Amino acid sequence: MTSKLSAVLPDLSPWRSSPDFRLLWVQGLVTYFGSFMAMIALPLQIKDLTDSPLAVGAMGAVELVPLVVFGLYGGALADAVDRRRLILGTEAALGFLAVVLLVNAMLPEPMLWPLYVVAAGVSALAGLQRPALDSLMARIVPHDQLTAAAALNALRWQLGAIAGPALAGIVVAYAGHPTAYGITVAGFAVSVVLCLRLAPAPPAHDADKPSLRGIAEGARYAWSRPVLLGTYAIDLAAMFFAFPNTIFPFLADDLDAEWSLGLMYAAGSVGSVVLSLTSGWTSRVRRHGLFVVFGAAGWGLAIAAAGWFSNVWLVLLCLAFAGAGDMLSGLGRSTIWNQTIPEELRGRLAGIEVLSYSVGPQLGQVRAGAMAGWTGTRPAIWAGGLACVVSVGVLAAVLPKLVTYDAHTDEDAARRRAQKEAAGV
């Protein structure tokens, strides 16, 4: 019985083998909890100030350009500087922006424009930081533990994504926006202290300075690898068509269930947690491209169902299934990225990864907000879910190497495995 249970429960090998992984896991949990508090409070505050779906959806447009520019530059920077210093500096700057939100919320009449300015700033800093975080993970975790590390990192994200939104709805409703932003500030303060304890992660001695040429080199590599290209394209399509989170406040109103808003934001993470807690089997799978395809298609189907049903409990259940699908797709993407990308390009390709899983949601917010203003909230959700399923099917047919990817036979995976073994990881 014990052996059967251990085969299903998460694989804790990365936690046992890497002190820096343990430290980053705890630091990320603290940061996610505070960040999700602000992530929920910010659109709610814009809704309270404007009562406009388009104004809330405009957050995606404001965040898009900084994310694209700084995500690509952050990838080149991660290959050229000490990744620990980059993570520490951006984390401190994110804490400062949380202070700005707190001060604005405490004004007798909070202003709207600082909310968009902070949203753009957070997007820029996230673009700078995420490539360093993602590329550092591939360095500190042994090659055969990368799927397990991805599952544990997803579990960490989900714990924050469940607790943060669920508590944020309560905190904003009963204590106000300033309290929510104050919790965010405290979370970043703790995170900075934890980041100070990370081991240095200097670049290679022959690393080039960040440049457009270096960014283009990373883009050419990604374009030449159909498997990588498939992971990016499917995630972009899934998030563009089926990421309706920004209009959840209006969905709750439409269902006459305002109390359910926090649960809507948290439901997807509940589904993801269930999959994470039973993810032991994923460490033994070699066909990670199938994770990407079936997970993204399942996400789209569940989102379509959430937009169709009028019972709030069925909607929440569908959102939980959507989260499980997204989790499965994310495990596949993360494993393929870390198994195949060479160390000297890891930062720059991590910058492209940031765009693939971040630009999609930003554009998806704009799509959902604009379409909701035109067709109504629920049609904007179910139509987007169906479009997601269709687009995933088309991309899988156009890029068959993603579907047939095998971790044991893929040439890039074998080359990366040899590279890590030579480095003693």
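Worth pointing out:
- Here the chain has an Rg and Dmax of 20.5, 63 Å, counting Cα atoms alone.
- Sites matching trypsin sites (Lys or Arg not before Pro) across region 286-385 that sit in DSSP coil, with at most 16 neighbouring C-beta atoms within 10 Å: ARG286, ARG287
- Translational diffusion of region 22-92 was estimated from the Stokes-Einstein equation, with Rh taken as the Kirkwood radius over Cα pairs; at 25 °C and 0.890 mPa s the coefficient is 168 µm²/s.
- Gaussian network model of the chain, springs between alpha carbon atoms under 10 Å - residue of ILE140, ILE234, ILE162 with greatest fluctuation: ILE140
- Heavy atoms of the protein chains alone define the surface here; on that basis region 288-425 has 38 Å² accessible area per residue at 1.4 Å probe size.
- Probing with 1.4 Å while keeping every protein chain in the model, the per residue accessible area of region 83-236 equals 44 Å².
- For region 245-298, the normalised intensity computed at q = 0.14, 0.17 Å⁻¹ comes to -0.55, -0.70 (log10 of I(q)/I(0), Debye sum over alpha carbons, equal scatterers, no solvent).
- For the pair GLU109 and ARG415, label points projected 7 Å from Cα toward Cβ lie 6.2 nm apart.
- Considering only alpha-carbon pairs that sit under 8 angstrom and 6 or more positions apart, the relative contact order computed for the chain is 28 percent.
- For the set MET37, MET106, MET111, the ranking by accessible area, highest first and with no ligand, DNA or RNA atoms included, is MET106, MET111, MET37 under a 1.4 Å probe.
- Degrees separating the helix 53-78 axis from the principal Cα axis of the chain, which is the longest one: 20
- Residues of region 163-177 with amide N under 17 Å of the 7 Å Cα→Cβ point at LEU277: 163-164, 166
- Between the Cα long axis of helix 377-398 and the first principal axis of the chain there is an angle of about 20°, rounded to the nearest 10.
- Kirkwood-Stokes translational diffusion coefficient of region 290-425, alpha-carbon pairs, 4 °C, 1.567 mPa s, µm²/s: 78
- For region 171-231, the calculated P(r), taken from all Cα-Cα distances in 5 Å bins from zero up to the bin holding the longest distance, is 4, 13, 10, 9, 9, 11, 13, 13, 10, 7, 1 percent.
- Percent accessible area from carbon and sulfur atoms, the chain, protein chains only, probe 1.4 Å: 70
- Convex hull projection area averaged over all views, region 237-368, Cα basis, nm²: 8.3
- P(r) weight above 25 Å for region 79-195, C-alpha pairs, percent: 32
- Residues HIS177, HIS288, HIS408 ordered from highest to lowest accessible area at a 1.4 Å probe: HIS408, HIS177, HIS288.
- Local charge for LEU44 was computed over the other residues whose Cβ lies under 12 Å away, with Lys and Arg +1 and Asp and Glu -1, and equals -2.
- Maximal additional length on extending the ARG85-VAL100 stretch stands at 3.1 nm, based on 0.36 nm per residue less the C-alpha distance.
The values are calculated or read from the model by the stated rules, or taken from the named source; none is laboratory data. Since the structure is predicted, the reported quantities are computational estimates derived from the model, not experimental observations. Counting neighbours? That spans all protein chains shown, and the Cβs are built from the backbone with ideal geometry, glycine included. These accessible areas exclude ligands, DNA and RNA; they are computed on the full protein's heavy atoms, side chains included. Shrake-Rupley method; radii C 1.70, N 1.55, O 1.52, S 1.80 Å.
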